[in-house]
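Chemist: Input: one structure, supplied below.
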Amino acid sequence: MKIIDVICSAGKTGFFFDDQRAIKQDAVVDGAMYEGTPKTKGFTSVRQAGESISVMLLLEDNQIAYGDCAAVQYSGAGGRDPLFVAENYIEIINKHIKPFLLHKELTSFKELAHQIDTMINPDTNKPFHTAIRYGVTQALLDGVAKAKKMIMADVIALEYNTTLSDDPIPIFMQSGDDRYVNVDKMIIKQADVLPHGLINHVPTKLGYQGELLLEYITWLKNRVLTKRLSDTYHPVLHLDVYGTLGIIFDMDLDKMVDYLKKAQQAASPLKLRIEGPMDVEEKTEQIKQLAMLVSKLDKANVDVEIVADEWCNTYEDIKDFVDNKAGHMVQIKTPDLGGINNTIESILYCQKNNMLAYLGGTCNETDRSAQISVHIAMATHPTQMLAKPGMGVDEGFMIVYNEMARVVALHQRAKANQPK
């Protein structure tokens, strides 16, 4: 089955592009907007509408395979590629990616994805933007699946020698700034992991001694235990603090350990994960500091799992964080890795080296990239998967949960119909 045309359309994502540096420094919340001056190159305001590009492959039997190019909410921060503006990048896809794909035979996803992911843009002498590689490789996975009359998860399992999960992967829901009402939605829908919390501002969300976060964790625990619909419901509490613990404790790891012990006690009997405790604005030092924090927590028997995020953007980055035990869990932030082949290989590398794998991404993705991420999850079995896109909770959870349920049902049917 060959590709006979490549068509692009500009689209919107499930959230926004936010200038993380400006938010950390002096931007002020004003409704759904931020007042302040942009600090990151490419931004014209602190918050901008998220943009995407659908890449559609027309196959010779007139089937259409597609994927969505998207970039993370905090584009341009933490060593990431710059702001992804659809108008600029459609031209690049048509100029360089389309000629390469035309008349390609859809026989191996792994091979084609590697070729796209390692292509060099002749105009810049650098790899193509991660968002382009992300969306094009999604379309290729869908194309190979359509050519072979398989679901996408089965293609991954076949080419990477894995087996599909018999059960759904735990889903992690994130609240955005509405961290109280949205938690109620999560409890009603029995989210496996919650709530992210968006703890990205010291004065209003963390507190200068961390007191606001401790109050919130206590509220979370009590809300779950008093409002849950079943006594068997024990979600994991997972909070992203965006490096703010490092700020208030001036990178004193011993003080951070003492604080995290208090956080563990506030969360008990629920398990607690803390994502991004510090951001030192540089990869090597970030790995060093996270590894030291993990070691200190483990020695002190503080049962809080540290999740690596910032500066852990590529497959090679993930290997470095895993090899140095810089975290108990690594977020594999799908758009940051470029080709989804890198996401697959990152999950498998974590598992091989006893690191928890979190198939993440961003609220700033699309329904299509979320659906394809589900197929990756079902074929590779990460510890948890993010409900995405958006911050409204219900929509992202619905997209991920329903696609996962479809894959499980199809897998169960296939198993039942296997020759005995």
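Please treat every number below as a calculation from the coordinates, not as lab data. Fair warning: this is a prediction, and the values are worked out from it, not measured in the lab. So basically every Cβ, Gly included, is an ideal-geometry build from the backbone, and we count neighbours across all protein chains shown.
Chemist: I'd like the chymotrypsin sites (Phe, Trp or Tyr not before Pro) in the stretch 232-292 restricted to DSSP loop residues with at most 16 other Cβ atoms within 10 Å, sorted by number.
Modeler: The qualifying sites are 233.
Chemist: Highest mean first, what order results for 5-18, 400-413 on Cβ atoms within 10 Å?
Modeler: Order by mean packing, descending: 5-18, 400-413.
Chemist: Sticking with this one: Going by C-beta contacts inside 10 Å, put 312, 69 in order with the fewest on the left.
Modeler: Result, fewest neighbours first: 312, 69.
Chemist: Which aspartates and glutamates does residue 299 reach when only Cα atoms under 14 Å apart count, and residues fewer than 8 places away in its own chain are ignored?
Modeler: Residue 299 reaches 254, 258.
Chemist: Cα to Cα, under 12 Å, and not fewer than 8 places away if on the same chain: which aspartates and glutamates meet these conditions relative to residue 98?
Modeler: Answer for residue 98, where 12 Å is the Cα cut-off: 5, listed by chain and number.
Chemist: What shape does the stretch 171-416 take by its C-alpha gyration tensor, where a ≥ b ≥ c are the square roots of the eigenvalues and a/c under 1.5 counts as rounded, a/b above b/c as prolate, and the rest as oblate?
Modeler: Because a/c hits 1.5 or more and a/b fails to exceed b/c, the stretch 171-416 counts as oblate.
Chemist: Using alpha-carbon pairs under 8 Å, 6+ residues apart, how would you state the relative contact order of the chain in percent?
Modeler: Rounded, it is 18 percent for the chain.
Chemist: Taking the Cα-to-Cβ direction at residue 288 and at residue 413 and moving 7 Å from each Cα, how far apart do the two end points lie in nm?
Modeler: Taking the two extended label points, one gets 5.6 nm.
Chemist: Can you give the relative contact order of the stretch 19-157 as a percent, counting alpha carbon pairs under 8 Å and 6+ residues apart?
Modeler: Result for the stretch 19-157 is 24 percent.
Chemist: Neighbouring Cβ atoms within 10 Å as the yardstick, rank 196, 114, 238 fewest first.
Modeler: Lowest count first: 114, 196, 238.
Chemist: Which value in deg cm²/dmol, rounded to the nearest 500, describes the helix-derived mean residue ellipticity at 222 nm for the chain, given -39,500 (n - 2.57) per DSSP H run of n ≥ 4 and division by the residue count?
Modeler: -13000 deg cm²/dmol
Chemist: Let me know the Kirkwood hydrodynamic radius for the stretch 3-150, please, with Cα pairs as the basis and the value in Å to one decimal.
Modeler: 16.4 Å
Chemist: Cβ neighbours within 10 Å, averaged per peptide: list 388-399, 35-46 in order, most packed at the top.
Modeler: 388-399, 35-46
Chemist: Could you line up 219, 311 from fewest to most neighbouring Cβ atoms inside 10 Å?
Modeler: 219, 311
Chemist: Nearest 5 percent is fine: what portion of the DSSP beta bridges confined to the stretch 237-375 is antiparallel?
Modeler: 5 percent
Chemist: If you don't mind, there's one more thing I want to ask. For the stretch 178-237 and the stretch 329-348, compute the distance between their C-alpha centroids and round to whole Å.
Modeler: 27 Å
Chemist: Between the alpha-carbon centers of the stretch 1-41 and the stretch 115-141, tell me the distance in whole angstrom.
Modeler: Measuring centre to centre over Cα atoms gives 20 Å.
Chemist: Let me ask you something else. Give 12/205; 205/227; 149/325; 41/388 a once-over and call out the pairs whose C-alpha atoms are over 31 Å from each other.
Modeler: In this structure, 149/325 lie more than 31 Å apart at Cα.
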